[in-house]
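Colleague: The structure is given below, and queries will be raised subsequently.
Coordinate-derived values only; no laboratory data. Quick caveat: nothing in here was measured; it's all calculated off a predicted structure. Cβ: placed from backbone, ideal geometry, glycine included. Neighbour counts: every protein chain shown.
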Amino acid sequence: MAKNNDISASVIKRLPRYYSYLEELRNENVERISSKKLAERMKTTASQIRQDLNCFGGFGQQGYGYNIKALHDEIGSILGVDKEYKTIIIGAGNLGKAIASQISFEKKGCKLSAIFDIDQSIIGQTIAGIEILDISELESYCKKNSPSIAALCLPKENAFSVAKELIALGVKSFWNFSHFDLNLHFDNIIVENVHLGDSLLTLTYKTKNQM
């Protein structure tokens, strides 16, 4: 089994896809599947699946394939979905509201515990049953609750100051929608950048070049 630091980013990015497909199979009451059949379903190769899973020790048996429930549980554990990382959202605009209401945090190893904004007109409102708090309460909240993850759904120009405060308060993991490159300014943090516009441009490129 490879050490976590030796596992490539591309393998890690494929794990959620395996997890989702295995969840579908589990919901269909499929008990086992070969790497070949799983590859056909996922439009990849059996060797790719075996190589990826071997990074974590390998889970199949020759002539038997993969036990769906066991593999789904194992990958879930690797991804951390069996944890409950306290998560906060900074920014309750359209994007923040959509993320809070549409993402099943509890199925992803997270517990959405607070939402913050500066807009006084929405302070006190609720999203997905969670009250929007004034950003001025961020320090006291973090000191009391020690959140692990912050989703930054705020303008790029505000991201640096908010991230700096959060890091000082002990938050080290960021789901970053702000288009501000946190890695250039802060060390020893974990950042997953989400660029929706870039994703759309990638789609338009692929659309253009297949016609």
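Colleague: Please list, in chain and number order, the residues 5+ apart from residue 85 or on another chain whose amide H is under 5 Å from its amide H, with Hs placed from the backbone.
Modeller: Close amide H contacts, sequence-distant or interchain: 110, 111.
Colleague: Still on this model: 7 Å from Cα along Cα→Cβ at both residue 82 and residue 118: what's the point-to-point distance in nm?
Modeller: Taking the two extended label points, one gets 4.3 nm.
Colleague: Quick one: Cα centre-to-centre distance for the stretch 107-147 and the stretch 148-211, in angstrom?
Modeller: 19 Å
Colleague: Same structure again: Two decimals, Cα atoms only, Kirkwood Rh: what is Rg/Rh over the stretch 15-109?
Modeller: 1.07
Colleague: Which ordering of 8, 178 is given by a fewest-first count of other beta-carbon atoms within 10 Å?
Modeller: Least crowded to most crowded, the residues run 8, 178.
Colleague: Could you work out the helix-only [θ] at 222 nm for the chain, with each DSSP H run of four or more residues adding -39,500 (n - 2.57) and the total divided by the number of residues, to the nearest 500 deg cm²/dmol?
Modeller: -13500 deg cm²/dmol
Colleague: Once you have the alpha carbon radius of gyration of the stretch 85-198, what is it after dividing by 2.2 N^0.38 Å, with N set to its residue count?
Modeller: Dividing the Cα radius of gyration by 2.2 N^0.38 Å gives 0.97.
Colleague: Quick one: if you stick a label point 7 Å off each Cα along the C-beta vector at residue 94 and residue 206, how many nm between them?
Modeller: Between residue 94 and residue 206, the simple spin-label model gives 2.4 nm.
Colleague: Quick check on the stretch 85-198: of the DSSP beta bridges with both residues there, what percent are antiparallel, nearest 5%?
Modeller: Of all bridge pairs located within the stretch 85-198, approximately 10 percent are antiparallel.
Colleague: Which values of log₁₀ I(q)/I(0), to two decimal places, follow from the Debye formula for the chain at q = 0.07 Å⁻¹ with a uniform point scatterer at every Cα?
Modeller: Reported log10 I(q)/I(0), two decimals: -0.28.
Colleague: Continuing with this model, one more query. If you wrap a convex hull around the Cα atoms of the stretch 144-211, how much volume per residue is inside, in Å³?
Modeller: 98 Å³
Colleague: Taking 20 Å as the cut-off for C-alpha to C-alpha distance, list the pairs among 36/107; 86/143; 156/208; 86/108 that go past it.
Modeller: 36/107; 156/208
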